[in-house]
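This report concerns only the one structure given below.
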Amino acid sequence: MNIPFKQSPIALNAALLSPSNIFDLLPDDHECFVYSDLFDQLDTAAIEKLYSDKGQHAYHPRLIVSIFIYAYSRGTFSSREIERRCKEDLSFMFIAQMGCPNFRVLSDFRKDHLEFFHDCFKQTVKLALELKLASLGHISLDGSKFEAHSSKHKAMSYQHLKAKEQQLTQEIEALVAQAKRCDKEEDQAYQDKTGYEIPEDLKFKQERLDKIKAAKEAIEHREELINPGKEIDGKKQISFADTDARIMGKKGDFDYRYNAQISVDADFQIIVGQHISLNANDKNEVLPALEALQETTGRLPDMMSLDNGYMSGDNLDALEKRATNIRWDTEQQNDSSSAKKTVIPAWMPESSHMDVKL
């Protein structure tokens, strides 16, 4: 039976008789057109002055930043994958203006101008305020644990670090002493070598000691930031792969993570503030969130919604000092009740100027 399937159009392999724009194939309401208009508002003067007028012309910083922001918004983070999408994906080709840089150019730009991406975030928030997409009337703050690029199997506790440092130091001293005793037997030991090579076991132990010292200094610096002036618990661990990450729990699983905090405006759910924390819980995150909002927008919100993970004296004190109203959402995720509960802690002073609202 000959089923009449649709045939390939004749124009598939035919040359076009009149000029056309390839981007006309995109829908008129495609988001890439909106992104392009927004990217035109970015001020990249801060890094433009870092370029020289000599040599080969560089890609415009605004173009590279636009490619990055659009790629990240579409869930593409690899520089190689971004380059591939700019050659195959029509919307990426539009953002890149048909000229995507090499993946190495993208990667180097991101590493060299990381601070500028924070400035771009501030610019986008201010733009949202100007367009009335955010008002800072009501802000919701929440955090989420993101896994670090590390492993629990490549870590060591502070107590073990100190013991290992002492052990390796003694072993290196013993190896150096042994090397001195072997000076008279140099010809037999090194044969046709010069005799100036570093013994492999000494080299390995010295490199290992350097790594342990660096990790020990990193954990001391990290814990001083989190618990200033307090003695470090010997059980505190640090990863050799990522010395900044900490062990944090998420749904019963404990691994090296970061605590990412975002503040979202209630009007159109625009992210207007963000910061990364090394605290395993949210009991000290309101003050950094308010400071981030102040730095980004130049003002503080009228009201902030928080869940019960933020219920602490430090957080309440930060809100009271800045005259910010609060809304407590103490409902647990597994609570079948649809009603929100507002709780005023018994230890909150009656003279408090905070207006706790539903």
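The values are calculated or read from the model by the stated rules, or taken from the named source; none is laboratory data. Quick caveat: nothing in here was measured; it's all calculated off a predicted structure. Cβ sites come from the backbone with ideal geometry, for glycine too, and all protein chains shown count toward neighbours.
What is the residue count in region 116-151 for residues that are in a loop (DSSP other than H, G, I, E, B) and under 22 Å from Ser277 (Cβ atoms)? Outline the logic, then answer.
Quick first cut of region 116-151, residues in a loop (DSSP other than H, G, I, E, B) only: 131-137, 148-151.
Still in the running and under 22 Å from Ser277 (Cβ atoms): 136, 148-151.
Result for region 116-151: 5.
Would region 108-116 turn up any residue that is within 17 Å of Tyr35 (Cα to Cα) and not aromatic (Phe, Trp, Tyr)? Write out each step before concluding.
Step one: list which residues in region 108-116 are within 17 Å of Tyr35 (Cα to Cα), which gives none.
No, the conditions are met nowhere in region 108-116.
Looking at (1) touching a residue at least 60 places away in the same chain (Cβ under 8 Å); (2) closer than 30 Å to Lys132 by Cα; (3) out of contact with any helix residue (DSSP H, G or I) (no Cβ under 9 Å at 6 or more places or on another chain), which one does Ser277 not meet, given that it meets all the others?
(3)
Exactly one condition in (1) modelled with pLDDT under 90; (2) among the basic types (Lys, Arg); (3) touching a Cys at 6+ places or on another chain (Cβ under 8 Å) is not met by Arg74; state its number.
Condition not satisfied by Arg74: (3).
Would you check which residues across region 35-50 are under 16 Å from Gln123 (Cα atoms) and among the aliphatic types (A, V, I, L, M) and list them? Before the answer, list the steps.
Step one: of region 35-50, the residues under 16 Å from Gln123 (Cα atoms) are 35-47.
Residues satisfying the conditions are Leu38, Leu42, Ala45, Ala46, Ile47.
Within region 209-217, can one find any residue that is surrounded by 15 or more Cβ atoms within 10 Å (Cβ to Cβ) and part of a loop (DSSP other than H, G, I, E, B)?
Checked against the condition, which is being surrounded by 15 or more Cβ atoms within 10 Å (Cβ to Cβ) and part of a loop (DSSP other than H, G, I, E, B), region 209-217 yields no hits at all.
Inspect region 52-62 for any residue being touching a Lys or Arg at 6+ places or on another chain (Cβ under 8 Å), under 26 Å from Asp119 (Cα atoms) and not basic (Lys, Arg) and give the result as yes or no.
Kept after step one, since they are touching a Lys or Arg at 6+ places or on another chain (Cβ under 8 Å), are these residues of region 52-62: none.
The answer is no, given that none of the residues of region 52-62 is touching a Lys or Arg at 6+ places or on another chain (Cβ under 8 Å), under 26 Å from Asp119 (Cα atoms) and not basic (Lys, Arg).
For region 265-275, give me the residue count where each residue is over 16 Å from Lys122 (Cβ atoms) and of a type in the set (A, V, I, L, M).
Looking only at that region, the number is 1.
Going through region 256-270 one residue at a time, which ones are of a type in the set (A, V, I, L, M, F, W, C) and either surrounded by 15 or more Cβ atoms within 10 Å (Cβ to Cβ) or farther than 20 Å from Lys132 by Cα (or both)?
Of region 256-270, the ones of a type in the set (A, V, I, L, M, F, W, C) are 260, 262, 264, 266, 268, 270.
Selection gives Ala260, Ile262, Val264, Ala266, Ile270.
Looking only at residues that are at pLDDT 75 or above and surrounded by fewer than 10 Cβ atoms within 10 Å (Cβ to Cβ) in region 5-25, which one is farthest from Met93 (Cα to Cα)?
Filtering region 5-25 for residues at pLDDT 75 or above gives 20-25.
Narrowing the set further to residues that are surrounded by fewer than 10 Cβ atoms within 10 Å (Cβ to Cβ) leaves 20-21, 24-25.
Working: Ser20: 16, Asn21: 13, Asp24: 13, Leu25: 12 Å.
Across region 5-25, the extreme among qualifying residues is Ser20.
Is region 256-274 home to any residue that is basic (Lys, Arg) and not in a strand (DSSP E or B)? Full working, then the answer.
Of the residues in region 256-274, the ones basic (Lys, Arg) are 257.
After this cut, where a residue has to be not in a strand (DSSP E or B) as well, the list is none.
No, region 256-274 contains no residue that is basic (Lys, Arg) and not in a strand (DSSP E or B).
Is region 234-241 home to any residue that is at pLDDT below 85, surrounded by 15 or more Cβ atoms within 10 Å (Cβ to Cβ), in contact with a Lys or Arg (Cβ under 7 Å, 6 or more places away or on another chain) and assigned to a helix (DSSP H, G or I)?
no
Any residue in region 42-57 that is hydrophobic (A, V, I, L, M, F, W, C) sitting within a Cβ distance under 6 Å of a residue that is part of a loop (DSSP other than H, G, I, E, B) and modelled with pLDDT of 85 or more? List the pairs, counting only those 6 or more apart or interchain.
Close Cβ pairs satisfying both conditions: Ile47/His113.
Please find, among Phe77, Phe117, Phe94, the residue that is in contact with a Phe, Trp or Tyr (Cβ under 8 Å, 6 or more places away or on another chain), outside the structural domain of Pro301 (by TED's automatic domain parsing), among the hydrophobic types (A, V, I, L, M, F, W, C) and under 30 Å from Leu136 (Cβ atoms). If you could, list the steps in order and put the result at the bottom.
Working: Phe77 fails: in contact with a Phe, Trp or Tyr (Cβ under 8 Å, 6 or more places away or on another chain); Phe94 fails: under 30 Å from Leu136 (Cβ atoms).
One residue alone meets the criteria, Phe117.
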